[in-house]
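Read the structure below first, then the notes.
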Amino acid sequence: MTVMKALRFETYGSPSVLSLDDLHVPDIKPGQALVELYAAAINPSDVKNVAGVFKASLPRVPGRDYAGVVVAGEGWVGKEVWGSGAGFGVTRDGTHAQFLVADMDSLSTKPSALSMEQASAVGVAFLAAWSGLVTAADIQAGETVLISGALGAVGRAATQIAKWKKATVIGADIVSGPNEADAFINVKDGDLAGEVRRLTDGRGADLAFDAVGGPMFEPCLRSLRVGGRQTAIASLGNGRVEFNLVDFYHGLHRLIGVDTMQLTGPEIAKIMDDLRPGFEDGQLKTPAVRTWPLDQAIEAYEAVEKGDVSNKHVLLPRQN
């Protein structure tokens with residue numbers, strides 16, 4: 001096959017600026033692999049990317065997460081792979097196409113227990129959760145972790161990872177719903193910090209994983225024990241927050257920023273490799289997915305843009 005179908009945008013805007021184009025199957029260079037894509041998830045960040053938030057070079061094929069089979073690349077041909085990519089959809093063409101060029105040092109073997117659709121739905125959410133909890137905050141067994149935005153994709157991934165690491169999880173969100181946290185706080189019902197201290201016998205959380213930012217930033221910070229730490233991965237609103245600096249330094253607190261867009265290919269592959277055992281033995285679970293053929297990609301993007309989180313929306317590039 002020399003021609004492939006690919007979703008592409010040549011200007012920034014709503015999902016309507018996307019088009020399904022015929023492109024040449026890309027050639028690979030030494031150290032690269034060509035992956036035939038079987039499934040590729042759509043993340044909210046992909047919608048933001050098309051809107052111009054990340055200033056992607058144009059024209060560009062969007063998409064970060066994927067699962068597929070390597071069809072060219074020394075030592076990898078025929079292997080099923082999964083993951084996400086450094087710069088995919090921003091500085092290099094992404095995963096919302098039938099084929100993808102990936103650096104071989106960014107490849108990770110897909111868990112045999114997962115379907116292609118399930119594997120493609122892991123990517124960004126679990127990368128963010130792992131980066132914040134494990135890489136940045138060095139979560140330890142027996143710790144108590146507060147997770148804001150616990151009902152979102154990243155929050156649910158963080159809850160699973162924290163429990164896999166044998167931590168106690170307090171989830172928090174602005175609505176109530178089914179979740180796997182050991183305790184849950186609806187922040188609209190009262191004081192977050194007060195509830196956390198009640199649940200920890202007045203001590204506070206060892207670690208706050210703030211997947212919301214904005215109005216949740218300071219309440220999470222006030223929920224920490226002396227010497228506690230907080231990771232920030234997002235922020236609602238204009239990106240600015242306020243907190244009491246005196247309380248911060250008297251509390252010996254630490255604040256750590258995490259950005260998955262800064263991860264390199266090898267770093268992503270290492271995290272995917274570290275996640276694999278959790279999915280193989282059932283300790284980690286993928287979200288429910290809704291699949292779309294590639295020729296309905298714009299409709300799928302619109303569903304994500306509208307905030308439909310009932311399922312993870314996944315493109316099937318081999319169907320068009």
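Within the bounds of the range 229-242, is there any residue that is acidic (Asp, Glu), more than 24 Å from Pro15 (Cα to Cα), out of contact with any helix residue (DSSP H, G or I) (no Cβ under 6 Å at 6 or more places or on another chain) and surrounded by 17 or more Cβ atoms within 10 Å (Cβ to Cβ)? Among the residues of the range 229-242, not one is acidic (Asp, Glu), more than 24 Å from Pro15 (Cα to Cα), out of contact with any helix residue (DSSP H, G or I) (no Cβ under 6 Å at 6 or more places or on another chain) and surrounded by 17 or more Cβ atoms within 10 Å (Cβ to Cβ), which makes the answer no.
Among the criteria (1) more than 18 Å from the chain's Cα centre (by Cα); (2) farther than 28 Å from Val226 by Cα; (3) open to solvent by less than 20 Å² (accessible area, probe 1.4 Å), the one Ala167 does not fulfil is (2).
Selection of the range 125-141 for residues being open to solvent by 20 Å² or more (accessible area, probe 1.4 Å) and either closer than 14 Å to Ala269 by Cα or part of a helix (DSSP H, G or I) (or both) yields Val134, Thr135, Ala136. Within the range 59-84, the set of residues being open to solvent by 10 Å² or more (accessible area, probe 1.4 Å), part of a loop (DSSP other than H, G, I, E, B) and either among the basic types (Lys, Arg) or within 19 Å of Ile271 (Cβ to Cβ) (or both) comprises Arg64, Trp76, Lys79. Total residues in the range 190-208 satisfying the condition of being crowded, with 23+ Cβ neighbours inside 10 Å and within 17 Å of Leu252 (Cα to Cα): the figure is 3.
Looking only at the range 234-257, which residues are modelled with pLDDT of 95 or more and assigned to a loop (DSSP other than H, G, I, E, B)? Answer for the range 234-257, where residues must be modelled with pLDDT of 95 or more and assigned to a loop (DSSP other than H, G, I, E, B): Gly251, Leu252, His253. Which residues, counting only those in the range 22-48, are under 29 Å from Ala153 (Cβ atoms) and open to solvent by 30 Å² or more (accessible area, probe 1.4 Å)? Glu36, Tyr38, Pro44, Lys48, listed by residue number. Quick check on the range 142-157. Is at least one of its residues open to solvent by less than 10 Å² (accessible area, probe 1.4 Å), over 16 Å from the mean Cα position of the chain (by Cα), touching a residue at least 12 places away in the same chain (Cβ under 8 Å) and over 30 Å from Ser14 (Cα atoms)? Scanning the range 142-157, I find at least one residue that is open to solvent by less than 10 Å² (accessible area, probe 1.4 Å), over 16 Å from the mean Cα position of the chain (by Cα), touching a residue at least 12 places away in the same chain (Cβ under 8 Å) and over 30 Å from Ser14 (Cα atoms), so the answer is yes. Number of residues in the range 5-54 that are part of a loop (DSSP other than H, G, I, E, B), of a type in the set (Lys, Arg) and touching a Leu at 6+ places or on another chain (Cβ under 7 Å): the value is 0. Taking each residue of the range 262-285 that is under 13 Å from Ala129 (Cβ atoms) and at pLDDT 95 or above and looking for partners that are assigned to a helix (DSSP H, G or I) and open to solvent by less than 30 Å² (accessible area, probe 1.4 Å) with beta-carbon atoms closer than 6 Å, six or more apart or interchain, yields Ile271/Leu127; Ile271/Trp130; Leu275/Phe126; Leu284/Gln160; Leu284/Gly278. Given the condition in contact (Cβ under 8 Å) with a residue 60 or more places away in the chain and among the aromatic types (Phe, Trp, Tyr), answer yes or no: does some residue in the range 197-211 qualify? Yes; the residues of the range 197-211 include at least one that is in contact (Cβ under 8 Å) with a residue 60 or more places away in the chain and among the aromatic types (Phe, Trp, Tyr). For the range 107-124, the tally of residues that are assigned to a helix (DSSP H, G or I) and open to solvent by 10 Å² or more (accessible area, probe 1.4 Å) stands at 4. Within the range 16-39, residues that are closer than 24 Å to Met116 by Cβ reach partners that are among the hydroxyl-bearing types (Ser, Thr, Tyr) and in a helix (DSSP H, G or I) with beta carbons closer than 7 Å, at six or more positions or on different chains, in the pairs Leu18/Tyr301; Ala39/Ser120.
The values are calculated or read from the model by the stated rules, or taken from the named source; none is laboratory data. Nothing here was measured: the structure is a model prediction, and the numbers come from that model. Ideal geometry is used to build each Cβ from the backbone, glycine not excepted, and the neighbour counts take in all protein chains shown. These area figures cover heavy atoms from the full protein model, side chains too; ligands, DNA and RNA do not enter into them. Shrake-Rupley method; radii C 1.70, N 1.55, O 1.52, S 1.80 Å.
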